[in-house]
1. Please tell me if Leu61 is at pLDDT below 95 and outside any loop (DSSP other than H, G, I, E, B).
2. Given the structure, is Glu104 surrounded by 13 or more Cβ atoms within 10 Å (Cβ to Cβ), modelled with pLDDT under 95, touching a helix residue (DSSP H, G or I) at 6+ places or on another chain (Cβ under 8 Å) and among the charged types (D, E, K, R)?
3. Contact list please: Cβ distance under 7 Å, first residue in region 87-105 and without any contact (Cβ under 8 Å) to a residue 40 or more places away in the chain, second residue surrounded by 15 or more Cβ atoms within 10 Å (Cβ to Cβ) and of a type in the set (D, E, K, R), pairs at least six apart or on different chains.
4. Is it the case that some residue within region 9-18 is within 26 Å of His100 (Cα to Cα), in the same structural domain as Leu93 (by TED's automatic domain parsing) and surrounded by 15 or more Cβ atoms within 10 Å (Cβ to Cβ)?
5. Determine whether Leu25 is of a type in the set (A, V, I, L, M), assigned by TED's automatic domain parsing to the domain that holds Tyr107 and touching a strand residue (DSSP E or B) at 6+ places or on another chain (Cβ under 9 Å).
6. So Lys130 passes all but one of these: (1) in contact with a strand residue (DSSP E or B) (Cβ under 8 Å, 6 or more places away or on another chain); (2) at pLDDT below 90. Which condition number does it fail?
7. Here are some residues: Leu44, Leu25. Which one is modelled with pLDDT of 95 or more and surrounded by fewer than 17 Cβ atoms within 10 Å (Cβ to Cβ)?
8. List the pairs whose first member sits in region 1-22 and is at pLDDT below 95, whose second member is of a type in the set (A, V, I, L, M, F, W, C) and surrounded by 12 or more Cβ atoms within 10 Å (Cβ to Cβ), and whose Cβ atoms are under 7 Å apart, counting only residues at least 6 apart or on separate chains?
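The values are calculated or read from the model by the stated rules, or taken from the named source; none is laboratory data. Being a predicted model, the structure only gives us computed values, none of them experimental. FYI the Cβ positions are ideal-geometry reconstructions off the backbone, even for glycines, and counts take in every protein chain you see.
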Amino acid sequence: MAKRFTSTEIWGEDWFLDMPIEYKLFWYYILSNCNHAGIFKVNLRVFCSLNDVKLDLNKALNFYNNGKDRIRVINDNLWLIEDFFFYQYGEVLNLNNRVHDSIEKLYNRYEVKLSTIRGLKEVKERVKDKDKDKDKDFSLTNKNETFEENGKFKPSGNYKAQGEELLAYRYYKHLKAVQDRDSNNQGEN
């Protein structure tokens, strides 16, 4: 279930207070049912049948955009909540963050330019993770000599890699035990 920040100040704003109650409810429906990028797939039929009301989309847009653009119409079926990203995530889009990266991909899919996102002040570009590259180069044969110090596991200073090193050490010890057992069995035969 998605969780969203909501503004308590909305109950003191004229644009919201001047709307009929079904349009206020529809506003919260939009906020609750948009995706994590603030893009809402318009389906008035579901909302109206759930709440036994009748709404007009043009009226809704007029209410919501009264005095300030709050909804951007991407196409007939998709709306963008203008302040959604800023309100939920802040003023920086960090492409190293998986959520932000997926938001950027959604914006690109629907041709929403990042420069048009209200409140967005900075986009942090993707940085290649050096630790991920190290993980790719990790192999048992290169590490076997550094696993033991006085017969015990000797972790590196890189805490991120210690779990993998410990796993490799245990695997190494298992292989060594199997080899010792096999060589003992061959000596008995």
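1. Spelling it out, it is not the case that Leu61 is at pLDDT below 95 and outside any loop (DSSP other than H, G, I, E, B).
2. yes
3. Every condition considered, the pairs that remain are Leu93/Glu104; Leu95/Glu104.
4. No.
5. Spelling it out, it is not the case that Leu25 is of a type in the set (A, V, I, L, M), assigned by TED's automatic domain parsing to the domain that holds Tyr107 and touching a strand residue (DSSP E or B) at 6+ places or on another chain (Cβ under 9 Å).
6. Just one mismatch for Lys130, condition (1).
7. Leu25
8. Qualifying pairs under 7 Å: Arg4/Leu31; Thr6/Leu31; Ile10/Phe16.
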